[in-house]
Amino acid sequence: MNMDHLKQSCYELSLPVTEKCNPISRDIDRAHSKQMVQILKRCDAEIFEKKINHDPFDQVWPIGTGYRLYSSSIIQTMVDVAKRVEMILRDPEESLIVLSGCGTSGRIAFLLVTSFNEMLNAQRQKQICSYIIAGGDRALLTSQEAPEDDPVLGARMLDKVCAGKKHVLFIGISCGMSAPFVAGQLDFCLNRLDIFTPVLVGFNPIHMARSEQMQACSFHFKDVAERMDAEQRHKKAFVLNPVLGAEAISGSSRMKGGSATKIILETVLLAGHEAAFRDKMMTPECMSAWITASEMVYETTYSHSDELAALIHRAGESLQLKGHVYYLGWKTLGIIGITDASECIPTYGADFGDIRGFISNGFSEMKNKGDLSSLGPEFIIGHKDFVNTILPSLSPNDMILFLFTVNDDLHEVTALANQLRQKTSNLHVIAHDLEERVCNMFESVLNITWPVSSKNENSVVMHWELSTKLCLNAISTGAHVLKGKVYMNYMIDLRVTNSKLYRRAINILQWFTGSSTTECESALLRAIYSTDDLTEDMTSADVRAHTDAANRRERVVPTALVMIQSGCTHAEAQRHLDCHPVIRDAVSTCLNSSKTRALNTQ
């Protein structure tokens, strides 16, 4: 092992699990679509692994402090939380279940709350679930990263939602155990345990929770997590933090983190529902069976690897040719599509039009807190809106992907497909239990059929959702990899829009360059402020000022990386990136030119 590789390995050991580089996907940026599917399949398999790898270079926590999803400790905690769900469902007056998170976690919270309330409504039960997402409902469709840094705002929003309630089960989701917004809410609950039972969902061991000071607070996330852990011994608070391994794209918790959040919280909510209304016993064995059913969804989905690879290839072609990818979905699969599309913007520095999601009846189908269509083009989400605003200018390079199930209105699906076929043949579908007569309307079909034994009325839709999420995560990830937006398995063109992403950007620069934190932060600031000469005002500003400025810049991290690697100016780095839009190519060119200059000066 050479010195650079040793330094990188040691640096990796210092990172939380959720921020580490996954060795499985290290060369995903050089893979073709079929290889990508196999890489993503292996990474997603880690959700369900029953043992932790104890290789000293892969393991970054002491033995005994990290638990897998199937571990008895995690399963028992799920049972305990599900019992709290049951208690609230049996006595819903003046009670509430609240799910909250930022970004992907907030969108998963919204989806789960919407589905669970619909289930209660269908049974004429009181709808007692509510969601909170940092940035409000705008964040369901667009990146609203800055509110994630505000713990006071999080606590204030929770207080407002729970006003007058006497019993509240609060579930705060932070995949990296890092979001100040959620930490503020958990702290609020811990100070009011007579009313609140707080639950933390995340995917790092507690000692790896974020320990940086938060704005306007005397505590940090790790403090809150440790207090939660202490209260868990008295069953007054609960921590659900199985270790899933690193993400396929480093730090991209929209993937495994989002999927595992969905699996865990669906299991808890459904178990509580079954106990309250069907008097079903709630046991660790039942919890394990629910997780095993989700593992079956994973296996069934990836059994269609060839069809999934073909969709990745077509989506990648569209983005490479400056075309677009459009998801047209029905019901909750439409929400899954909108969610996946919205996450591409902060993850890959994508334009909002690169991948967009639409849902059959717009906001009336979303069932969020109100119609946002007046806020701008990013909030136009109905199929009619697509026909009126997108279809007239549709290009042959644009890919359209339908998302529906056998339970949707197939006449409506057929009519829309026929209308679009008059303009383009680039129509594809991901469907569940699709009737064969519909298949010939599409250029390619990924039709997933499910065994009758899996079709429990309350779980089948959730299986469709998880399967569709896995597919769309693979397609949007693969497409952006093929476009050149990933360097190795790092989302190097991420938007630096909050403190977590600011620190992640510095971590990425350190990993690739071996430079000090100070050198990497200096290069990042030069890229953020588009200058080679940082003023005292720039260097002394707080992180919020830096992220506000970064939000108005493109290619911040790639620019900083090129400047460090080649020792060039900001303007020269920009020219390198203009000539080589694939980031690995730009960096390789810079390294080669640097080596040539060094040889010439010897």
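The values are calculated or read from the model by the stated rules, or taken from the named source; none is laboratory data. None of these values were measured; they are calculated from a predicted model. Virtual Cβ from ideal backbone geometry, glycine too; neighbours counted across all protein chains shown. Calculation scope for accessible area: heavy atoms of the full protein, side chains included, ligands and nucleic acids excluded. Shrake-Rupley method; radii C 1.70, N 1.55, O 1.52, S 1.80 Å.
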(Q) Quick test of your reading of the structure: residue 541 fulfils all but one of (1) open to solvent by 10 Å² or more (accessible area, probe 1.4 Å); (2) more than 21 Å from residue 146 (Cβ to Cβ); (3) among the aliphatic types (A, V, I, L, M). Name the failing condition by number. (A) (2)
Q: Please go through the stretch 348-372 and pick out each residue that is out of contact with any Asp or Glu (no Cβ under 8 Å at 6 or more places or on another chain), assigned to a loop (DSSP other than H, G, I, E, B) and over 30 Å from residue 492 (Cα atoms).
A: 361, 371
Q) Residues in the stretch 365-389 that are within 24 Å of residue 410 (Cα to Cα), over 24 Å from the mean Cα position of the chain (by Cα) and surrounded by fewer than 19 Cβ atoms within 10 Å (Cβ to Cβ): how many? A) 5
**Q.** Residues satisfying the stated conditions in the stretch 130-165, i.e. in contact (Cβ under 8 Å) with a residue 40 or more places away in the chain, of a type in the set (A, V, I, L, M) and outside any helix (DSSP H, G or I)
**A.** 132, 134, 141
Q) Across the stretch 253-296, which residue is farthest from residue 450 (Cα to Cα) among those that are assigned to a helix (DSSP H, G or I) and among the hydroxyl-bearing types (Ser, Thr, Tyr)? A) 261
Q. Looking at the stretch 531-538, is at least one residue free of Cβ contacts under 8 Å to residues at least 60 places away in the same chain, outside any helix (DSSP H, G or I), touching a His at 6+ places or on another chain (Cβ under 6 Å) and loosely packed, with under 14 Cβ neighbours inside 10 Å?
A. yes
Q) Out of the residues in the stretch 166-190 that are under 19 Å from residue 81 (Cα atoms) and assigned to a loop (DSSP other than H, G, I, E, B), which is most open to solvent (accessible area, probe 1.4 Å)? A) 166
**Q.** Top-ranked residue in the stretch 191-218 [being among the hydroxyl-bearing types (Ser, Thr, Tyr) and in a loop (DSSP other than H, G, I, E, B); ranked as surrounded by the fewest Cβ atoms within 10 Å (Cβ to Cβ)]
**A.** 218
Q.
I'd like the full set of residues that are closer than 15 Å to residue 485 by Cβ, surrounded by fewer than 16 Cβ atoms within 10 Å (Cβ to Cβ) and of a type in the set (Lys, Arg), limited to the stretch 544-585.
A. 584
(Q) Among the residues of the stretch 232-247, are any assigned to a loop (DSSP other than H, G, I, E, B), without any contact (Cβ under 8 Å) to a residue 40 or more places away in the chain, within 21 Å of residue 75 (Cα to Cα) and not polar (S, T, N, Q)? (A) yes
Q.
touching a residue at least 12 places away in the same chain (Cβ under 8 Å) and open to solvent by 60 Å² or more (accessible area, probe 1.4 Å): is that true of residue 394 in this structure?
A. no
Q.
Within the stretch 445-481, take every residue that is farther than 22 Å from residue 262 by Cα and either modelled with pLDDT under 95 or not small (Gly, Ala, Ser) (or both) and give me the one that is surrounded by the most Cβ atoms within 10 Å (Cβ to Cβ).
A. 481
(Q) If I go through the stretch 280-327 residue by residue, how many of them are among the small types (Gly, Ala, Ser) and closer than 27 Å to residue 267 by Cα? (A) 6
Q) Can you find a residue in the stretch 492-512 that is without any contact (Cβ under 8 Å) to a residue 40 or more places away in the chain and surrounded by fewer than 19 Cβ atoms within 10 Å (Cβ to Cβ)? A) no
